[in-house]
1. Restricting to region B:41-69, give me the number of residues that are part of a helix (DSSP H, G or I) and open to solvent by less than 40 Å² (accessible area, probe 1.4 Å).
2. Taking A:F106, is it among the aromatic types (F, W, Y) and surrounded by fewer than 18 Cβ atoms within 10 Å (Cβ to Cβ)?
3. Return yes when A:A127 is open to solvent by 40 Å² or more (accessible area, probe 1.4 Å), assigned to a helix (DSSP H, G or I) and closer than 29 Å to B:L269 by Cα and no when it is not.
4. Looking at region A:265-301, which of its residues are open to solvent by 20 Å² or more (accessible area, probe 1.4 Å) and of a type in the set (V, I, T)?
5. Can you work out which of the residues in region B:70-110 that are of a type in the set (G, A, S) and over 25 Å from A:L220 (Cα atoms) is surrounded by the most Cβ atoms within 10 Å (Cβ to Cβ)?
6. When region A:174-200 is examined, which residues are found to be surrounded by fewer than 18 Cβ atoms within 10 Å (Cβ to Cβ) and more than 36 Å from the chain's Cα centre (by Cα)?
7. Scan B:T11, B:T76 and give me the residue that is part of a helix (DSSP H, G or I) and within 30 Å of B:T194 (Cβ to Cβ).
8. Would you be able to tell me the number of residues in region B:246-263 that are among the charged types (D, E, K, R) and modelled with pLDDT of 80 or more?
Amino acid sequence: MAQTIPKKTAGNNHFVEEWVGKVYTTLCVLFLVATIIAMVYFVASRGLSTFFKDHVNVFELLGGLKWSPEGSPPSFGAFPFIFGSFSTSLLAALLAAPLSICASIFMIEITPKFGRKFLQPVIELLAGIPSVVYGFIGLSVIVPLFRDIFPGQGLGVAAGALVLSIMILPTMTTVATDALASLPAGLKEGSYALGATRWQTIYRVVIPTTLPALMTGVVLGIARAFGEALAVQMVIGNAPFVPRSLFESASTLTSAITLSMGNTAAGSTHNNALWSLAMILMLMTFVFVFIVRWLEGRSKL
Amino acid sequence: MKPKTVDKIATAVIICVAAFIVLLLIGLLGFILVRGLGHISFSFLTSAPESFRAGGGIGPQLFNSLFLLVLTMIITVPIGIGAGIYMSEYAKPSKLTDFIRLVVEVLSSFPSIIVGLFGLLMLVNYLGLGFSLLAGALALTVFNLPLMVRITEQGLKSVPREQKEASLALGLTKWKTITSTMLPIALPIIVSGTILAAGRVFGEAAALLFTAGMSSPKLDFSDWNPFSPVSPLNPLRPAETLAVHIWKINSEGLAPDAAEIAAGASAVLVIMVLLFNLLARWLGRFMYRKFTATK
């Protein structure tokens, strides 16, 4: 029977199939693009109405120290949240970066076989543990520990940063490991041939060459820490003030949104102000993406 | 100091750090399992939670998590694979392609809470889905798509060029080459990546607070009509997942045994993530062996 089908139809079928495939995949990509445009539009339209409709001063929101949206008169100073977000995520990166770089050097330069077989799965598992579980551990281990050792309730920036540092460790390690693994062998061999020790090679050749990529990992980690919501919210204490010590209760952009968004009426100034916080979070995401792109452009690999 | 001594010290420090990370994971897992396993029982896994009395379970939450996972994957996988194929096979180097790459990158680094808020505004309010499983699944789709796209792209890129060219040289169309030659070879990577992505969906909570909601209606597990409001299969009912439940009882738990429930639920969550991880590894390796001639 097959021979009786005219050649032309068969050719047409192929054409149709090809066309369907192309249209389908294009639609999928368009869906992605449309999603992000819709996200930016929706978040920005709500976030900006704080300034245009409710006439809150931009500088008051960014620099003001007092957050009492239900007070009279209400004030919308979000600086404590911005400060909390930056301090926890930068501290977390400071704790996690040396650990993750050491881990990746261990995996690639010192014991490649053991590293790949053992440490890599460990890192992947750390990445897979859900953030609420990290929050729960922080709440039941780190916070009581800090309460015993340091003055205060144990809730605060230090607890938040510590929980975050464990959460971003896998992100940083994965990026650093990829960077070290893609380093051409010739560079290292040249260094060894000159009589350098392994540490000299790592310190003088491997790290300087891969530095932009290592920094990419650090920035991605900071970005993740900055956007993390629930784990931080559970251990930071959520007081809308700029903390005077690491062990004093503080708050972040994400934790403020998480706690209040459900309790405010849509369209109210309080609600819009929370959307402004979300907009700051979104803008920071763009900033992080552009820093990562810039670093990748500088990479010599 | 002699360079050799410095070398030894540095090596020792690095090994210590690596050992510390391993100990950290063992400590974390040990803590969760030791605290939680004692509380896990058949009735804990199947019974409904109690608000004010002790002895509540996590049955509906566990079911919601699994059902939401299935819903999300049904939506994510076809779109993600489609977009991945486009990025790997159809996209030509141009300004537009660069822009799409940027979009995928930005989307993958958006905080999940922003995705949740977007879901609240667009799906829950604007499209009128209300707090529902469907809204939650769509939000998680947005959250998971970049990952899926990257996995597919990676899988397709790993196909040897000769194999692709041989297929094209036989006169197969591009689409046929992709679907019947390249996708089967890329499948092990795609499948294991998908399972890992599913593990992430399972533990995600921030995006769900504002889309799937923080409460579950009383479910009737004998009613399997998806249009009935008490049916577990109804995609338009609100649903609290396991991860959201852990968060909720930690921040506002009123039951006297809230800490134990959180510990038990955390252990269940971690065990599920471990299972997803092992399954991904095993299935990836199994399929790789089956589809290629390697031993």
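The values are calculated or read from the model by the stated rules, or taken from the named source; none is laboratory data. Keep in mind the model is a prediction, meaning the values are calculated, not measured. Here the Cβ is made from the backbone with ideal geometry for all residues, glycine too, and neighbour counts use every protein chain on show. Please note that ligands, DNA and RNA were not included when accessible areas were found on the heavy atoms of the full protein model with its side chains. Shrake-Rupley method; radii C 1.70, N 1.55, O 1.52, S 1.80 Å.
1. Just the residues of region B:41-69 that are part of a helix (DSSP H, G or I), to begin with: B:42-46, B:59-69.
With the extra rule that they be open to solvent by less than 40 Å² (accessible area, probe 1.4 Å), the set shrinks to B:44, B:59-62, B:64-65, B:67-69.
The qualifying residues number 10.
2. no
3. yes
4. Correct list: A:T269, A:I280, A:V287, A:I291.
5. The selected residue is B:G82.
6. A:G190, A:Y192, A:A193, A:L194, A:G195, listed by residue number.
7. Details: B:T11 fails: within 30 Å of B:T194 (Cβ to Cβ).
Only one candidate qualifies: B:T76.
8. Within region B:246-263, residues that are among the charged types (D, E, K, R) and modelled with pLDDT of 80 or more number 2.
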